[in-house]
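First up is the structure itself, then whatever we jot down about it.
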Ligand code: PMP
């Protein structure tokens, strides 16, 4: 039997699942993970925290994850309290819950491509129409062009991504404020990579007090090196938190996840210590590729988007991607003709990538 023989929803027929290759190669720079394993003392602290939950696994966990939301609010600062914060299994689940609460059949979500490929897939899965608006040719977002596209489509949800995956481009808070002023619905700013921003690139968190329909989505998957732990969260007006509580599954965050994440946030100095080293490698990749004549997008994230043919964006990225893989270096073809994305990891991984590309 094939999938199409099943009585599956019509709008899912012919679709392909999200599928970044998970290949067992030496240098994996394709999913923007943090390349550094957790330090031993953090491993020990998380282990103890998880151990402390085991006897009580006969009981359901705290449905509202209050202790975790308290430490996350404290981490974010900006005067936020636990009532402003909501957590789920990765920011993918956070955004799915937002679509369940604010999107759904008969409603529209709009995002500016090229951007994170899961945004339209999450819309699809929740029966929300997706409108693929466009960023500027340099991957930035001009406020006038952004507002015009929002006025044309009048979406119920707007997705902004800053720093944007896959381009690395950060948005000026003025652009976000312009979108908020014109959009009727909620505006989600996906800040999965916020901790890697260059000095002087502000977070949309600064806009929260003035904008009750703004939702800032964050994750522990990147800077915290906690991708396997699955913990995403958002900051917003407390009413937004109440709205997602209408659609979340009861006990969606296991007691083990909550305990591990709390311990990881408590160890944040040790975990975030890798961020500066990763930013150095990011800047090294940008500078080296530019010296070699490649076109490279500015990056405020832990990855770099570059045009595969030095000097122009017309080369066939699939060929370059395969050649790098043949040399044991896995990077990402994001489906943008002529461009490839590489994650910034350890110095040795940068060496391997730059050598293989050369
Ligand atoms: N948002 C963006 C922009 C991302 O790039 C990613 C990870 N690729 C996510 C969200 C999802 O991260 P997670 O579900 O692990 O929090």
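The values are calculated or read from the model by the stated rules, or taken from the named source; none is laboratory data. If you're wondering where the values come from, they're calculated on a predicted model, not measured in any experiment. A quick note on method: Cβ atoms are made from the backbone with ideal geometry, for glycine too, and the neighbour counts reach across all protein chains shown.
A few comments on the model shown:
- Under the condition of being over 16 Å from residue 11 (Cα atoms) and either touching a residue at least 24 places away in the same chain (Cβ under 8 Å) or outside any strand (DSSP E or B) (or both), the residues counted in region 120-151 number 17.
- Residue match in region 246-253 (condition: touching a helix residue (DSSP H, G or I) at 6+ places or on another chain (Cβ under 8 Å), crowded, with 19+ Cβ neighbours inside 10 Å, at pLDDT 95 or above and closer than 18 Å to residue 68 by Cα): yes
- Residue that is away from the ligand (no atom under 16 Å from the Cβ), modelled with pLDDT of 95 or more and over 24 Å from residue 162 (Cα atoms), where the choices are 36, 60: 60
- Tally, over region 289-310, of residues that are touching a helix residue (DSSP H, G or I) at 6+ places or on another chain (Cβ under 6 Å) and either surrounded by fewer than 22 Cβ atoms within 10 Å (Cβ to Cβ) or at pLDDT below 95 (or both): 2
- Qualifying positions in region 185-242 - within 13 Å of the ligand (Cβ to nearest atom), at positive phi and surrounded by fewer than 21 Cβ atoms within 10 Å (Cβ to Cβ): 230
- Odd one out for residue 19, checked against (1) free of Cβ contacts under 8 Å to residues at least 24 places away in the same chain; (2) closer than 26 Å to residue 97 by Cα; (3) more than 16 Å from the ligand (Cβ to nearest atom): (3)
- Selection status of residue 72, in contact with a strand residue (DSSP E or B) (Cβ under 6 Å, 6 or more places away or on another chain) and either modelled with pLDDT of 95 or more or part of a loop (DSSP other than H, G, I, E, B) (or both): yes
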